[in-house]
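Data block below; observations after.
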Amino acid sequence: MSHYAVVAPPLYSHVRALQALAQALIARGHRITFIQQADAAGLLNDPRIAFHPVGAASHPPGSLAHTLRLAANPAGLAILRLIKDMAASTDMLCRTLPTAFNQLAIDGVIADQMEPAGGLVAEALGLPFVSVACALPLNREPGLPLPVMPFDYATDERALTLYASSQKVYDWMMRGHGRVIARHARTFGLPPRHGLHECLSPLAQISQTLPALDFPRQALPPGFHAVGPLRPPATAAHPAEAWPVDPARPLVYASLGTLQGHRYGLFRTLARACRSLDAQLLVAHCGGLTPAQAESLYACGATHVTDFADQPAVLRQAQAVITHGGLNTVMDAVSSGTPILVIPIAFDQPGVAARVVYQGIGRRVSRFACRRTLADNLYRLLEDPGYRQQMAPLRVQIRQAGGAVRAAAIVEQALYARRPVLAEAVT
């Protein structure tokens, strides 16, 4: 039995995906400890997984709320403040993880691509580590836009120039974070590096994004494994809540994730759009709305409003899903064959939206779109069978990808053997 540490951003979607991987590793006999600031402990809900808090001096209990407020409203100067917070978190982890790894007798590290400290410290201590892309992969390739960019895929000179120039803008915005990475790499005696994409594992890289949901890639490392959604095993212990549905009317499911569920105005417009189509709407606001706001959505056209729903179960009933473009929701929609209307807001969501459109499995609209525009796009999703048909090969890939069970086997091999794990070598 080995003891593995998980280092990830303190964000719900990332922690829950990595929790599913941790559960698969526990089933194989390993111990797992998540290491982060104290507030992140509340994101876990499996008592078998240990949590070790660090950074009490700079990130005391209660401080995560500020970061989450910035992440929920990342417009204007807020995005620069959020990047500053990311840099401060990476700095804290680079300072505290060496002691934590040694104190806990860690044998290997599972590092989220979005938090470079896990890989940097593991490399400095001579510990094996694997990288996990819970969001779109950060791996860069010439001729592809960065995952945070909204650009469609193209190969003409204009597109390539746009991709290259936007990458320069991104690197400029992230320069503060890059300086933290560079400083700690230098302190640890590691080769120079300045970006997240330069802190990935040489042993194995695991991604939830399947090839059939990405732009064409030509230069992924040989140890890159697209395993599909990282989800816990299905259980009948907690049956899904039954939502009354009128079979004569289409059901639309709307969720903007845990960070964007407060957007009452957008939910209201969506409810009115569904009412104009005589479609049923189930809204899951993830606790972002007040009781009064949630109740008022019924008058606007919503059929059901709740904080959380069993998303896979609801998607199996729905004829369309409206999402901000969070990768977890999109992958769940692909699994159920549910056409997708993406309303991207920030981070990699514009990139996810571009890939949904590129693969022909959904449509994309602005978050500032009016009711009529939203209704028109929903109508096309509901009436055109082509969107569901385009999902067929993606659903096959998901069934064959292996998910958390395959990811656990990759982690185990990479961290035990300490050598690159190729896709065909996984057992």
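Tabulated data
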| read-out | value |
| --- | --- |
| Yes/no for Ile340 being in contact with a Ser or Thr (Cβ under 7 Å, 6 or more places away or on another chain), buried (at least 22 other Cβ atoms within 10 Å of the Cβ) and at pLDDT 95 or above | yes |
| Options Ala414, Ala404; residue that is surrounded by 13 or more Cβ atoms within 10 Å (Cβ to Cβ), in contact with a helix residue (DSSP H, G or I) (Cβ under 8 Å, 6 or more places away or on another chain), at pLDDT 95 or above and not hydroxyl-bearing (Ser, Thr, Tyr) | Ala404 |
| Residue among Val252, Val227, Val283 that is among the β-branched types (Val, Ile, Thr), in contact with a helix residue (DSSP H, G or I) (Cβ under 9 Å, 6 or more places away or on another chain) and over 26 Å from Thr373 (Cβ atoms) | Val227 |
| Filtered residue count, the range 195-221, keeping only those that are touching a strand residue (DSSP E or B) at 6+ places or on another chain (Cβ under 7 Å), of a type in the set (A, V, I, L, M) and part of a loop (DSSP other than H, G, I, E, B) | 4 |
| Pairs where the first residue, in the range 357-381, is among the aromatic types (Phe, Trp, Tyr) and the second is in a loop (DSSP other than H, G, I, E, B) and surrounded by 16 or more Cβ atoms within 10 Å (Cβ to Cβ), C-beta under 8 Å, 6+ apart | Tyr358/Tyr153; Tyr358/Phe215; Tyr379/Leu277 |
| All positions within the range 244-276 that are of a type in the set (A, V, I, L, M, F, W, C) and more than 19 Å from Ser366 (Cβ to Cβ) | Val245, Ala248, Leu251 |
| Check on Thr323, closer than 16 Å to Gln260 by Cβ, surrounded by 23 or more Cβ atoms within 10 Å (Cβ to Cβ), touching a Leu at 6+ places or on another chain (Cβ under 8 Å) and hydroxyl-bearing (Ser, Thr, Tyr) | yes |
| Residues that are more than 16 Å from Gln113 (Cβ to Cβ), in contact with a helix residue (DSSP H, G or I) (Cβ under 8 Å, 6 or more places away or on another chain) and not hydrophobic (A, V, I, L, M, F, W, C), drawn from the range 162-182 | Asp171, Gly176, Arg179 |
| Residue check, Leu44 touching an Asp or Glu at 6+ places or on another chain (Cβ under 8 Å), at pLDDT 95 or above and in the same structural domain as Val169 (by TED's automatic domain parsing) | no |
| Number of positions in the range 85-100 that are farther than 15 Å from Pro10 by Cα and either touching an Asp or Glu at 6+ places or on another chain (Cβ under 8 Å) or surrounded by fewer than 20 Cβ atoms within 10 Å (Cβ to Cβ) (or both) | 4 |
| Qualifying positions in the range 106-154 - small (Gly, Ala, Ser) and surrounded by fewer than 17 Cβ atoms within 10 Å (Cβ to Cβ) | Gly126, Gly143, Ala154 |
| Restricting the range 155-170 to residues that are farther than 21 Å from Val352 by Cβ and surrounded by 12 or more Cβ atoms within 10 Å (Cβ to Cβ), the residue that is nearest to the chain's Cα centre (by Cα) | Ala164 |
| Helices (runs of 4 or more DSSP H) enclosed by the range 347-415 - at least 3 residues per element that are farther than 30 Å from Leu70 by Cα | 371-383, 386-401 |
| Odd one out for Leu64, checked against (1) more than 24 Å from Arg355 (Cβ to Cβ); (2) surrounded by fewer than 19 Cβ atoms within 10 Å (Cβ to Cβ); (3) of a type in the set (A, V, I, L, M) | (2) |
| Breaking point among (1) on the phi > 0 side of the Ramachandran plot; (2) buried (at least 24 other Cβ atoms within 10 Å of the Cβ), for Ala5 | (1) |
| The range 300-316 residues that are over 20 Å from Val330 (Cα atoms), paired with ones that are at pLDDT below 90 (beta carbon under 7 Å, 6 or more apart) | His304/Trp243 |
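The values are calculated or read from the model by the stated rules, or taken from the named source; none is laboratory data. All values derive from a computational prediction rather than experimental measurement. Reconstructed Cβ throughout: ideal geometry from the backbone, glycine too, with neighbour counts over all protein chains shown.
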